[in-house]
1. Name the residue that is modelled with the highest pLDDT, counting only residues in segment 18-75 that are among the polar types (S, T, N, Q) and not in a helix (DSSP H, G or I).
2. Is it the case, given these coordinates, that Ala174 is modelled with pLDDT under 70 and assigned to a loop (DSSP other than H, G, I, E, B)?
3. If the requirement is being over 18 Å from the mean Cα position of the chain (by Cα) and modelled with pLDDT of 75 or more, which of these qualifies: Thr87, Thr115, Thr80?
Amino acid sequence: MNQILDSIVIALQAIWANKLRSFMTVLGNIVAVTSIVTVVSLIQGMNSMVSSAIVDDVGADSFIIQRRPPVRSLEDEERTRNNPNITLAEADAIRAFSGTIDAVAAQAQRRSSVTYRNLVIDGVQTGVDYTYMHLRDAALVDEGERVRTGQLIGYVGQTGRASGCHLHFEMWKAPGWYDGGSPFDPLPSLLAWDKTS
């Protein structure tokens, strides 16, 4: 017991004799512990923020199957252009695959009817694709739904090969945008539609 008391007395005398060194050692320990606590808190906060963004914005249990995924180069576009169409039967097969799948939604983005003023243009009959390019999300209107001037049909985005947020209308010759058609100037068609609407 005396050895322990002697050791404590010697340690206190050393601290008292070297006050500045002792103070600096304690200060260094305080700074080190504070720094570690700060870094760990920042890392935990970032992890929480990223997890929250994934779960709240994207959905941790959501995924999208696309015929043509986002492309980053002309080579990617050429490579994915001839991917096979995804059918509703395949959507049903995905739904039937697991009892834990809550919903499967299909989205069409090709050859449908387009309404311009009071004229309806049937893309299935003509083989022409009518598209609004670079929408941020899927259109807010359904296929075949009549729209009116000034109605919100979608949000401007920067999807695909866009260098900035914008939206434009395109028309593609048969066999269409997905199937190797080519774009053409829609202005003559728009002017002709203006005369009949």
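The values are calculated or read from the model by the stated rules, or taken from the named source; none is laboratory data. Predicted model only: the values in this text are computed from it and were never measured.
1. The selected residue is Asn18.
2. no
3. On inspection, the qualifying residue turns out to be Thr80.
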